[in-house]
Amino acid sequence: MKQLKRILHVEDVPSIQVVTRIALEKLGGLEVLSCQSGQAALDQVQAFAPDLILLDVMLPQMDGIELVRQLADLVDLQQTPVVFLTGHLQPERLQELRQLGVRQVLGKPFDPLQLATQLRQIWEAEHG
């Protein structure tokens, strides 16, 4: 089974970006590319070739849902799971997200000690 190694993380709040990066790189042993905007993620996703995409819903210029729609044109979201890490999601939007290929929604605040484990569990459910 292919291992989870590379995560594209899209988050515009610098402090959350740093905590997430430490949680995934230092504690989880993963390689992380952090982007502060949807456009930056779109510009870099193909070259980085992530195994999983972790993103916020509330982003400047382009929200996470629109970003997923555009990412679907660049990468195979059936092979590259998308996980939202957000504090702002109405329950009624969950079905829309699932239709777009979003596998899971994790809430903020999150436990940095558990984040890499949670993402590996999502990955293994897809690729196990």
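When shorter helices are ignored and each DSSP H run of at least 4 residues is given -39500 (n - 2.57), the per-residue value for the chain at 222 nm works out to -11500 deg cm²/dmol. What number comes out for the charge environment of residue 36, summing +1 per Lys or Arg and -1 per Asp or Glu over other residues with Cβ under 9 Å away? Net charge around residue 36: -2.
Within the shell defined by Cβ-Cβ distances under 12 Å, the residues around residue 118 carry a net charge of 0, with Lys and Arg each +1 and Asp and Glu each -1. In this Cβ point-charge picture (+1 for Lys and Arg, -1 for Asp and Glu), the chain has a dipole of about 320 debye about its Cα centre.
Taking semi-axes √(5λ) of the Cα gyration tensor in Å as calculated from this structure, the corresponding entry among [x] 36, 18, 15; [y] 19, 17, 15; [z] 25, 18, 14 is [y]. Per residue, the chain exposes 51 Å² of accessible surface when a 1.4 Å probe is rolled over the protein heavy atoms with every protein chain present. With contacts taken as Cα pairs under 8 Å and at least 6 residues apart, the chain reaches a relative contact order of 27 percent. Cα convex hull, the stretch 20-81: 82 Å³ per residue, rounded to a whole number. Carbon-plus-sulfur accessible fraction, the chain (probe radius 1.4 Å, protein heavy atoms only): 49%. Toward the positive end of the charge dipole of the chain, about the Cα centre and with charges on Cβ (Lys, Arg +1; Asp, Glu -1), which of 64, 118, 8 goes farthest? So the residue furthest toward the plus end is 118.
The values are calculated or read from the model by the stated rules, or taken from the named source; none is laboratory data. What you see is a predicted model; the values in this text were computed from it and never measured. Cβ: placed from backbone, ideal geometry, glycine included. Neighbour counts: every protein chain shown. Ligands, DNA and RNA are excluded from the accessible area calculation, which covers all protein heavy atoms including side chains. Shrake-Rupley method; radii C 1.70, N 1.55, O 1.52, S 1.80 Å.
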